[in-house]
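All remarks here apply to the structure that follows.
The numbers here are math on the coordinates, done by the rules we state, and not lab data. Predicted, not measured: the structure shown is a model, and the values here were computed from it. Neighbour counts run over all protein chains shown; Cβ positions are idealised from the backbone, glycine included.
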Amino acid sequence: MDSISVITSNETYKSSQSVTDIFPQKDVNIKVYKRRLWMLGLFSFLSMMSAMLFPQYVSMANVNMCFYDVSMEAVNWTGMIYMLVYAVFALPISSLINFLELRWTIIFTAFWNVIATSMQLTTLHPSGFLYVMISCFFGSLSNLFVLAVPPVLAAKWFPSQELSRACAFGVFGNQLGIAIGFVLSPSIVSSDCSQKDQISTGKRNVAYILTAVNIVVFALVAFTFQNSPKLPPSVSEALKHKDNDQSHTQVVISLMVGSYFAIGTTLNNLILRFYENTELEIGWMGLLFIVAGLVGSMLFGYVLDCTHKFKETAISICVASLLTCLIFSGGLYLDKLWIQFLTIGIFGFFLTSFLPIGFEYGIEVTYPQSEVVCACMLNTSTMIFGIILTEMLSHILESEGPLFATVALITILFLCSIFSNFITKDYKRSKKNAEIKFPVSYDNTS
């Protein structure tokens, strides 16, 4: 049997395990390109623009109820439609994404963003709520494509020692977009419902800003985004195209992220029951909740790259989220707004950071299953859970009050903390990368 050369620029590594046993009669070339940073940065910005649309209407729920003369449940559906569309279309879209590959997936995402924000120009009058929902539907299509990308982009462009950080940064843009979405509309649109002309003008300005930026992003994506590098960046990515062994391992992770979406959707309704006329402050709370999670995401992504302790990290985040939710819920009754800012920041640091951790954990235990399929399966369960929990919290808030709503949320997080102890520790991708270790080359010219 012919031997194999593992080419890493000008260096070759002799493994204690016969490379021939793993790659029989095949050459595997590994290289890491500097332009991977542009691909990740551009996608992260695109993801941010997509995610900004999710909290756009629920962040000013009371104003939109008055302006469009609709119920709180109707406004909540401007956020929940994202979850519903994902839950219904995730699996068929995952097959489409595998067919389209990464570049066209990103182009479609940017295209739906432009359509969604352009549609907002038809929502500027009190009878335009139908167009609001249509705009949100197109935004949810963008969200449908973008949520599956972070682990795929990380695997295609980044070496094994950077996978978790790359995935975390890919999710970072989405989380940052939600954070900005909480503040953008309250900062520009009037909260005085008696001044509908001012509200309409503010909404028009928001639509112009979002549409203009998304057109620029679409052009950048169309002309500069590449599907994949010429050479794969890691052993596992190379193996994916050479190994015929298919894993039938099912996704065993049930993420807590549904509660993250539910909190984002119902935050305005919950806080206003304790602090009246604080719409702008609630928007900043939503921003803090997400930004703190961005810090947590990058920190825990670094921890995973260094330790590869996926299960231990997941359990720690689950328990910490439960404890900080208890503190946040208790602080609602202290009548001190600064305490809510402090506690929701700590709560977001842990809960929001579970997004990239869940992605990487899922990829690890289902390798060599496609990252798109795995991400879509994880996101589907997340969206279904998010719809159920959002509806449940909204109903409890309206019928029983905030105490029972927070108790329900705490109960869900408690169950997730228990469930996380039973998740597998069979990290297939890490094991495959550990079979052969060798230095890789960094291309500083392209």
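Convex hull of alpha carbon positions in the range 118-167: directionally averaged projected area 4.4 nm². 3J(HN,Hα) along the range 283-288, derived from phi through the Karplus expression 6.51 cos²θ - 1.76 cosθ + 1.60 where θ = phi - 60°, amounts to x, 5, 4, x, 4, 4 Hz, with x in place of Gly and Pro. Checked against a 23 Å cut-off, the cross-linked pairs K31/K156; K34/K156; K230/K311 give Cα-Cα distances beyond that limit for K230/K311.
When the chain is fully extended, how far beyond the present Cα-Cα distance does V303 get from Q161, taking 0.36 nm per residue of separation? Write out the running numbers ahead of the final one.
Working: separation 142, 0.36 × 142 = 51.12 nm, distance 1.14 nm.
Full-extension gain reported as 50.0 nm.
Working from label points 7 Å from Cα in the Cα-to-Cβ sense, the W104 to S127 distance is 4.1 nm.
With each label modelled as a point 7 angstrom along the Cα→C-beta vector, the V295-R204 pair spans 4.0 nm.
Shape index of the range 287-357: Rg/Rh, with Rg the Cα radius of gyration and Rh the Kirkwood radius from the inverse mean 1/r over Cα pairs, equals 1.04.
The simple spin-label model puts a point 7 Å past each Cα toward its Cβ; for N277 and V216 those points are separated by 3.7 nm.
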